[in-house]
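Comments concern the structure below.
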Amino acid sequence: MSVKIRLQRHGKKGKPFYWVVAADARSKRDGKYLEKIGTYNPNTNPATIELDLDSAVKWLHNGAQPTDTAKAILSYKGALLKHHLDGGIRKGALTQEQADAKLAAWLEAKAGKVDSKKEGLTKAQADAKTKAIKAEQAVNAKRLAAAAQAEADLIAANTPAPVEEEVVEVEAAAEAEVAEVEETPAVEDNTETTEA
């Protein structure tokens, strides 16, 4: 029986979540498996991978063949490196202490890269948030300025026009009437009143 290290899909539609399993190559994708080695969640950034390193290396020693994606996951977590170093120990090229030191250094460097990526993503997210806030403040300031201008225009439209010209015209007309009245001679009443 040939054993594969592969992914078994779980999770809901559109939100996949995978188990990393050692399974018989003939079994279904989500069917029976021999051992669960870890989990893989691609929904987070960076992807969350939990792996039992010793169990994965044990299956690799026993001849299990990883699929392409499982191979990438095993490489990312250092299982392939540990398998390689264990081969060097069996051949006598390395001692156990040297192999452990190399693996520890590699895992520390990998953890530093992952942490720097997380920090970069957090910083980019914070920068995007501050940029969005500044853009929103600019839009709000423009909207408030437009509202103030509209209010000023409305006040100017509702204010009556200057009355001085009309007052001058009305005063001139009144003076003209007064002048006419003064020019017309007064008509005397010639009728005599009779007393009874």
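The values are calculated or read from the model by the stated rules, or taken from the named source; none is laboratory data. On a predicted model such as this, the values are computed, not experimentally measured, just so you know. Here Cβ is always computed from backbone atoms with ideal geometry, including for glycine, and neighbour counts include all displayed protein chains. When the accessible area is computed, the model is the full protein with side chains, heavy atoms only, and any ligands, DNA or RNA have been set aside. Shrake-Rupley method; radii C 1.70, N 1.55, O 1.52, S 1.80 Å.
Observations
- Of the peptides 50-61, 111-122, 8-19, 147-158, the ranking by mean beta-carbon count within 10 Å, highest at the top, reads 50-61, 8-19, 111-122, 147-158.
- Counted charge near Gln125, where neighbours are those whose Cβ lies closer than 14 Å (Asp, Glu -1; Lys, Arg +1): +3
- Identified option (computed log10 I(q)/I(0) by the Debye sum over Cα atoms at q = 0.10 Å⁻¹; candidates (i) -0.42; (ii) -0.70; (iii) -0.53): (ii)
- The charge dipole of the range 6-71, taken about the Cα centre with unit charges on the Cβ atoms of Lys, Arg (+1) and Asp, Glu (-1), comes to about 440 debye, rounded to the nearest 20.
- Extension reserve of the Ala150-Lys110 stretch, reckoned as 0.36 nm per residue once the Cα distance is removed: 8.4 nm
- Compared with the alpha-carbon gap, the fully stretched path from Val139 to Leu121 is longer by 3.8 nm at 0.36 nm per residue.
- Taking the chain and dividing mean pair separation by its residue count, relative contact order in percent (alpha carbons under 8 Å, at least six apart): 12
- With every protein chain in place, the chain: carbon and sulfur % of accessible area (1.4 Å): 55
- Cα gyration tensor, the range 53-126 - rounded (a/c under 1.5), prolate or oblate: oblate
- Rolling a 1.4 Å probe across the protein heavy atoms gives the chain an accessible surface of 76 Å² per residue.
- Residues Lys12 and Asp52, FRET efficiency given R0 of 30 Å [Cβ-Cβ distance, rounded to 0.05]: 0.75
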